[in-house]
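Reviewing the structure listed below.
The values are calculated or read from the model by the stated rules, or taken from the named source; none is laboratory data. Everything numeric here is computed off the predicted structure, so don't read it as measured data. FYI the Cβ positions are ideal-geometry reconstructions off the backbone, even for glycines, and counts take in every protein chain you see.
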Amino acid sequence: MKGAIQSFAWRAVQVLSSLSMLASLLQPVSSYGQNTKVSAPSEPSPKAINSSNRIIEEPDIKAELVFRFRTLFIWPNPASNSPENPWKIGVLGSNPYGEAFDRKIRARRKQKIYCEVVSGSRPEQLKGCQVVFIPRAESHDWAAIHREWDNKSVLLVGEQADFIEHGGAVSILIKEESPYLKISRHAVETAHLQFTGNLYHDRQIEIQ
């Protein structure tokens, strides 16, 4: 039993290390290696993710990454970061990570980073979102998804292994107890977004 507990604790440390690694990518550098000014405030430090020393669960890992995409990608017209014009994340269908998202919103609000999560059963109900998260449990009407968001500056994020093959931009996976991102270069560029430069150089991120 003691060995199992130690093994589980070590996996949690590995997850924290991966999140710290991803946080280190948050640099305002464009995909062409040029300096780019980003007006959005920086994300909370990795220590804030586990400030209560609790074991981090998968919903918290995925919710944290969804929020951090705000600084891992560059939008042509980013939100102004104000209570009146917050960074908006949409969830298509049911929201299995609602409590995790709520915790992230509260943590960022303390640091004057204004975010909002909205849910909708149809794509047209999520207008104005910079990121749209499509949970694994949803049956996807890809024709409707593409009608609503093709050629718009919206980052489509899922958690299925084949998500980007269907036209999504980012799939958040858990691989060997650590977060792993699959990113579609075509979908990101079609959405008129840019990568931050170091996304190209990390083994936890696969760009196709």
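In the set Gln208, Gln111, only one residue is without any contact (Cβ under 8 Å) to a residue 60 or more places away in the chain, out of contact with any Phe, Trp or Tyr (no Cβ under 7 Å at 6 or more places or on another chain) and of a type in the set (S, T, N, Q); that residue is Gln208. Here are Ser139, Ser178, Ser119, Ser153: which of them is more than 18 Å from Ile207 (Cβ to Cβ) and either loosely packed, with under 13 Cβ neighbours inside 10 Å or at pLDDT below 90 (or both)? Ser139 is the lone residue from the list that is more than 18 Å from Ile207 (Cβ to Cβ) and either loosely packed, with under 13 Cβ neighbours inside 10 Å or at pLDDT below 90 (or both).
Here Gly93 clears all of (1) loosely packed, with under 13 Cβ neighbours inside 10 Å; (2) out of contact with any helix residue (DSSP H, G or I) (no Cβ under 9 Å at 6 or more places or on another chain) except the condition numbered (1).
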